[in-house]
Each structure stands twice: as structure tokens, then as C-alpha cells.
Amino acid sequence: MEPFALGFYFFSSITLLSGLMVVLSTNPVHSVLWLILTFFGASGLFIILGAEFLALILMIVYVGAVAVLFMFVVMMLNINFKEIKSRLTKYLPVGVLIGLVLFVELSLIFGDFIPELKFNSNDDLVINPNIENTKQLGLVLYTDFFIYFQLAGIVLLIAMIGAIVLTHQRRKDVKRQDVLAQIYKDPNNSIELKDIKPGQGL
Amino acid sequence: MKIIDILILAPEILLIIFSIIAILTASFFKSNKSYNLIFQATIIIFLFSALILYLTPFEIKTNVNGIFIRDTFSKFFQILILLSVSCLLFMSKQYLQKNKLFKPEYPILLIFSTLGMMLMISSNNFLLLYLGLEIQSLSLYVVSSFRRENYKSTEAGLKYFILGSLSSGLMLFGISLIYGSTGSINFEIISSMIKHEGFFPGIIAGLVFLICGFAFKASAVPFHMWTPDVYEGSPTPVTAFFATVPKLAAIGVLLRVLFDCFGQLVESWQQVIIIISVLSMFLGSIAAIGQNNIKRLMAYSSIGHIGFVLMGIASGTDKGVSSVLIYMVLYIIMNIGVFVFILNMERNGVAVTTINSLNMYNDVSKSQTLFLTILLFSLAGIPPLAGFFGKFFIFNAAINAGLSWLAVIGGIASVIAAFYYLRIVYLMYFGLSSDPLSGKMPTAHWLILSGSALLMLIGIINLYGLEKPSFLAAKSLIN
């Protein structure tokens, strides 16, 4: 068997099995851990496809940020997962039905069922197999897509301002650190030496 | 980015740079004085960008890698947006200070949302359009829940956010269908593709989803349900903003997409627009009758007016488009006038928004009552005021396009709508005397109120010479 095919079967079986375990495992923390394994499997598949940038981003964003956030939420919320799990059999037929529909749709795409669409490819994006993903993205992101890139940055800036406006409260009763006041503090004024005689208080 | 691109984008770049300076100023100099400065500087920057746009010699169909259009049409809308934003910002200062909402983030968020709207109207592809739309709506979600300790304001923000994201999702789905069918997100390429190769069902489906998304932003009927709640819950200056500027942007971008990108498919989208228009006109006029809160009433009134605007779009001709532009200008002026009045409705220093509190307002202030009466008459479209001419042009365009029955329906709806505008007038002159409002109004506000009322009267003469520029703008869109 070719090494690529071997890798594909390895990673896809990991993804499928761990995906199944996300749903089936009784402990929610285990579910999240299985989910992380699913992400690992998926990023392995991306590497096989030659999309190493996507693979690493998936790892960093989903495993590093989203899954950890999930973990925190799951551990902090006191939800009775046993009860939710007990309804599994009730929803099983619907789930199987949706799965079947999805399966049929996918087989329609990959089978020869639909006639070929007239699809004119976007000329802006010429994919050169000799350059690696990250460099290719960089080449268009900061030139052709410069404006989009900047505007996406503004969207994030607005999100930040919005979060601050809606949550930040300036409390009067909290003591704050004043760096300048600390630096300009003069030891001569702030320390007072007192000579206390033995046997006497202040 | 070439030098010429930077020149074309000058107003937008100016707004971005100024907003970042304002953010830094606000975070390093925390005093009322610097906040005041930011507030005033924002107004000046808006006016200055409008001036740049007005003087800009470019009449460029596309540039900046073919994603940006700066034609007469986009300039018309952008100048209108900038002028009305600066006016609204100027109006809102007193109210914000009184209600402890005077924060530097308010003008900054308004700058961003204005930036988003300007980009939307100038976009030549769906990616820029969507980014502009997100920039615009994201800042509006925050602004609508600006009074965060008030649960109604928070509710308004949350409602607007959830439904707004839903509509963005619908729109994105539509865009993806269009992209899937044509292989491009560029308006020109899509348009020429439809011209040469006919269209796929995917394009029509995508177009319907797109119209749904824009109808949400413009609060046209099947997607209007957020409007009354958001208008009621938001602080009044924000309501005034919602009632005017985002509507302009939504209508502008709707025109841009329908005529620039899908100009070949007029028959297809005409039916959708006609249905939305009829529903909006009737719901706007009937549902407003039972309202007691003047902000809710204005929400329904705006829904009704959007119905009329859509009637102009449905005619699908350059005359229709130019009538829409005239209608939007008049609508903005009337709404600014009415909202400057609502901003000052208070009793013992507490803001009041019930309609019944206007009972016998004539005894409190004769001049304000007179001006508001003129504005309400104009909103109702009663001749000879300018509001009538707005409707007249729309009806004219609809009849010329062979949609006489639609114009008749619009006439019926506007008669129904006249009831609730005139009810306010009735209450102000002949109502029962009750606990009167304070009736105080700063001189600047009084000037805006009287100015907008006078404009409604002056408009009778020649509509401020609007016909020619609006026709040129419409021509540049349709060519």
C-alpha cells in the first residue's frame, strides 16, 4: 500500500472513531478530550492533502483556543450530562436520518449524477505547487487582499471596543496602582524614624 | 495599492486614521474636555470627508484592484450619509450628557459604522460588501445597548445582534450560492456572465437570500420584527441614528446590487420587491395606529416609508432610482426634524416618550408645535409639502413602469398612515390638558427643528434642485 493511502486510512479512522467517542462517552471532560483527538486527526488529513498551513491553524486555533475554552466551560458549568445522555436513544432515529441524507448528498457530489457546471475559475488565484502554503497566502494577503485584510482588522478592533464599552466599569472604591506616584515617592517624606525608649509604647 | 488608489480611498482612510487617533486620545486623556474635543472633531471630520467627496473629480467605475466604485451614485449616498451623521451627532450631545452616556466610544463607534456604510455602497464585489456590512452592524449592535444598566437597552442590543447575525448568515448563504453558480464575486463579471450565458436557478435562489438580508437591514416587512423593540430600547439619539442613516446605506447597497449586478434580471427580483413593498406599506401604516410610544410609532413609520422606497426600486427604471434618491433625502430631513423634537421631550428632567404626554403641547410652545405639525404633515405626504413630492415622484415612476395598481395600493396605505401622524397633531392642538412637558429646547436644536420644517416648505418650489443630481446619480448606476 502507498504511504499516502496508509496515512489517509490511519488519520481518517482516528477522526471517525474519536468523533464517535465524543458523542458516546459518558464523561463530558472525556468528550472534549476525544474532540481534541478528532481535530488532530483532521489536521493530519490536511497535511496529507498538502494544506499544511490549514492543518497547523486548525491545531493552534481549535485545539489551543476553542477546545481549551470548551474544557473550562464544561468543568465550570454544573450540568447533569447523565440526563442529557439518557435521551440519546430518543434522538437516534433522527440522527441516523440526517446522516443518511448527508451520505446521499455527498455521494451525489462524488458520483457522476450532476452534469458539470460551467464554472469559470477565479483568475486572481493562481496556485503554484512549488511554493508552500504559508508563503502563497502571504503573497496575496498583503497585496491583492490588502484592503480586506485591513478591514478584517477593523472588525476585530470594533469587537474589542464593544466588549470594553459594554463590560468595563470604573469602580471608585478600588485602589489602583499609580506607577508615577510610586516612582516619584521620596523616601525622606515617606519614612518616619521614631526613637522608642525601651519599655514604652508609641 | 497605488497612489491613485489611496487618493480614491481618501475619505475612508481619513476616517480610519481619525478614529484611531480618537481612540488613543480617549484612552490617554481621560477628561470631559478631551471627550468634548473628540466629539466636535468627529463632526468636523465627517463634514470634511463629505467635502472631499463633493470636490473629488473621480468618476471611476472601478479601481483598487477592481473592487471599489466611486461613481456619482455612491458619492450621492456617501455625502448624504456623512451630512446626516454629523447632524445627528451634533444633536445627540445634550441628551448623552444628561443621561450620563457621554463617552468617547459613542462618536468612535459611529465613525466605524459610517465607514462600513461608505464601503458597502462603494463595493464592487461581495467580499467588500460583506466586510462593510459587518463593520457597520457590529458597531450598531454595541451602540444600541449603549445604556447598559437599562435592561430594555440591553434587550435591544441582544435582539438586534441575534437577528442581525441571522440576516448576515442568510446573506452569506445567498452570496455562496451566487458564487457557486457563476464562479465570481465581482459584480461586473457576474453581470456579464448572466448576460452571455443566461442564469442558473442558483443565482435566483442566491438573489432571494440576498434581498432577505438587505430587507432585514432596511427593516422591510417580513424581516421587520426587530425594529420596534430596538427603536424603543435604544437611547433616543441612537434611535434617531437607526431611523435614518443605516436605512440610507441599506437602500443604497440594495440598489447597487440589484441594478449593478443583477440589472439583467429585473423581472426576477421585481416580484420579490413588490411583495415586500406592499407588505411594508400596510404593516407600517396599520400597526402604528395602536402605538403609545412615539419611538415605536416612528419605527412603524420608518417601515412604511421603506415600503414606498421599495416601490420606487420595483419600477426598475432610472426614473424609479432617482425618485428613490429624492425620497430618501426628504425622509432623512423629516426624521432628523422629528427626532430632534423627541430628544427634547421631557418632564422634570426625565425623558418621556409617550404620545399622550404631547396633549395640548400648543400651550407649552407654539413655535415647536407648528414646526412639528409641518413635519408630520410632510411625513404623511399631504400636499403641498415636500413629503408629498417625494411620494409623487415614486408613484409617477411606478405608473410609468406599468405598476399603476401598486401606486394605488401605496395611495391607500398612505391615507391610512396619515391617521396616526394627524393624531399627534390633534393631540397637540385639541387634546385634553394634562401634565405638560417642560418644552425647553436648546437654541441649536430649535434651529434644526425649524430648519427641517422650513426645508419642507421650501422644497415645494424646486426640491432644492435635487432632481438633476439624483437623476445623474441614477444614470451612473444604471448606465
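The values are calculated or read from the model by the stated rules, or taken from the named source; none is laboratory data. Worth saying up front: this structure is predicted, and the values here are computed from it rather than measured. Note: ideal-geometry Cβ built from the backbone for every residue, glycine included; neighbour counts use all protein chains shown. Remember, those area values only see protein heavy atoms, side chains included, never the ligands or the DNA or RNA. Shrake-Rupley method; radii C 1.70, N 1.55, O 1.52, S 1.80 Å.
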Exercise. Could you list, in sequence order, the residues of region B:164-186 that are away from chain A (no Cβ under 14 Å) and small (Gly, Ala, Ser)?
Worked result: B:SER167, B:GLY169, B:GLY174
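Every residue, every condition in (1) at pLDDT 90 or above; (2) under 30 Å from B:ARG347 (Cα atoms), yes or no:
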{"position": "B:PRO384", "(1), (2)": "no, no"}
{"position": "B:PHE395", "(1), (2)": "yes, no"}
{"position": "B:ASN400", "(1), (2)": "yes, no"}
{"position": "B:LEU406", "(1), (2)": "yes, no"}
{"position": "B:VAL415", "(1), (2)": "yes, no"}
{"position": "B:TYR426", "(1), (2)": "yes, yes"}
{"position": "B:MET441", "(1), (2)": "no, yes"}
{"position": "B:ILE448", "(1), (2)": "yes, yes"}
Exercise. Among the residues of region B:301-310, is any surrounded by 24 or more Cβ atoms within 10 Å (Cβ to Cβ), at pLDDT 90 or above, more than 22 Å from B:PHE259 (Cβ to Cβ) and of a type outside the set (S, T, N, Q)?
Worked result: yes
Problem set entry | So B:ILE189, is it assigned to a helix (DSSP H, G or I) and within 13 Å of chain A (Cβ to nearest Cβ) | yes
For this session: Among what's in region B:431-450 and is in contact (Cβ under 8 Å) with a residue 40 or more places away in the chain and assigned to a helix (DSSP H, G or I), pick the residue that is surrounded by the most Cβ atoms within 10 Å (Cβ to Cβ).
Result: B:LEU449
Problem set entry | Those residues of region A:146-160 which are within 20 Å of the chain's Cα centre (by Cα), open to solvent by 60 Å² or more (accessible area, probe 1.4 Å) and either at the interface with another protein chain (Cβ under 9 Å from one of its Cβ atoms) or under 14 Å from B:LEU128 (Cα atoms) (or both), in sequence order | A:PHE149
For this session: Restricting attention to helices (runs of 4 or more DSSP H) lying wholly within region B:69-155, give those where 2 or more residues are within 11 Å of another protein chain (Cβ to nearest Cβ), at negative phi and surrounded by 22 or more Cβ atoms within 10 Å (Cβ to Cβ).
Result: B:105-122, B:126-144
Exercise. With respect to B:ILE60, is the statement that it is modelled with pLDDT under 95, surrounded by fewer than 15 Cβ atoms within 10 Å (Cβ to Cβ) and in contact with a strand residue (DSSP E or B) (Cβ under 6 Å, 6 or more places away or on another chain) true?
Worked result: yes
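Looking only at region B:422-439, how many residues end up being under 15 Å from B:PHE339 (Cα atoms) and either under 21 Å from the mean Cα position of the chain (by Cα) or not β-branched (Val, Ile, Thr) (or both)?
Here the count works out to 1.
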Exercise. Under the condition of being more than 14 Å from chain A (Cβ to nearest Cβ) and touching a residue at least 60 places away in the same chain (Cβ under 8 Å), which residue from region B:196-209 is least open to solvent (accessible area, probe 1.4 Å)?
Worked result: B:LEU207
Seminar exercise, completed: Selection from region B:210-225 of residues under 19 Å from B:GLY263 (Cβ atoms) and open to solvent by 20 Å² or more (accessible area, probe 1.4 Å) yields none
Problem set entry | Cβ-Cβ under 7 Å pairs, at least 6 apart or on other chains, region A:1-12 side modelled with pLDDT under 85, far side open to solvent by less than 100 Å² (accessible area, probe 1.4 Å) | A:PHE4/A:ILE48
For this session: Scan region A:161-170 and give yes if some residue there is loosely packed, with under 14 Cβ neighbours inside 10 Å, within 14 Å of chain B (Cβ to nearest Cβ), of a type in the set (A, V, I, L, M, F, W, C) and under 24 Å from B:LEU131 (Cα atoms), otherwise no.
Result: yes
Exercise. If you scan region B:165-186, which residues turn out to be part of a helix (DSSP H, G or I) and open to solvent by 10 Å² or more (accessible area, probe 1.4 Å)?
Worked result: B:SER165, B:LEU166, B:GLY169, B:LEU170, B:LEU172, B:PHE173, B:ILE175, B:SER176, B:LEU177, B:TYR179, B:GLY180, B:SER181
Exercise. So is A:LEU180 open to solvent by 90 Å² or more (accessible area, probe 1.4 Å), part of a loop (DSSP other than H, G, I, E, B) and of a type in the set (A, V, I, L, M) or not?
Worked result: no
Seminar exercise, completed: Reported set for region A:132-170 where residues are of a type in the set (Ser, Thr, Tyr) and touching a residue at least 60 places away in the same chain (Cβ under 8 Å) is A:THR134
Seminar exercise, completed: When region B:451-469 is checked residue by residue, the ones that are at pLDDT below 85, surrounded by 20 or more Cβ atoms within 10 Å (Cβ to Cβ) and part of a helix (DSSP H, G or I) are B:GLY459
For this session: With respect to A:VAL32, determine if the residue is touching a Pro at 6+ places or on another chain (Cβ under 8 Å) and under 23 Å from A:ILE14 (Cβ atoms).
Result: no
Problem set entry | For A:THR143: the one exception among (1) surrounded by 10 or more Cβ atoms within 10 Å (Cβ to Cβ); (2) at pLDDT 85 or above; (3) over 28 Å from B:TYR106 (Cβ atoms) | (2)
Problem set entry | Residue list for region B:26-43, restricted to those being free of Cβ contacts under 8 Å to residues at least 24 places away in the same chain and either farther than 16 Å from B:MET91 by Cα or open to solvent by 40 Å² or more (accessible area, probe 1.4 Å) (or both) | B:SER27, B:PHE28, B:PHE29, B:LYS30, B:SER31, B:LYS33, B:ASN36, B:LEU37, B:GLN40
Exercise. For region A:1-53, which residues satisfy the criterion of being exposed (fewer than 15 other Cβ atoms within 10 Å of the Cβ) and within 24 Å of A:ASN78 (Cα to Cα)?
Worked result: A:LEU20, A:VAL23, A:LEU24, A:THR26, A:ASN27, A:VAL29, A:HIS30
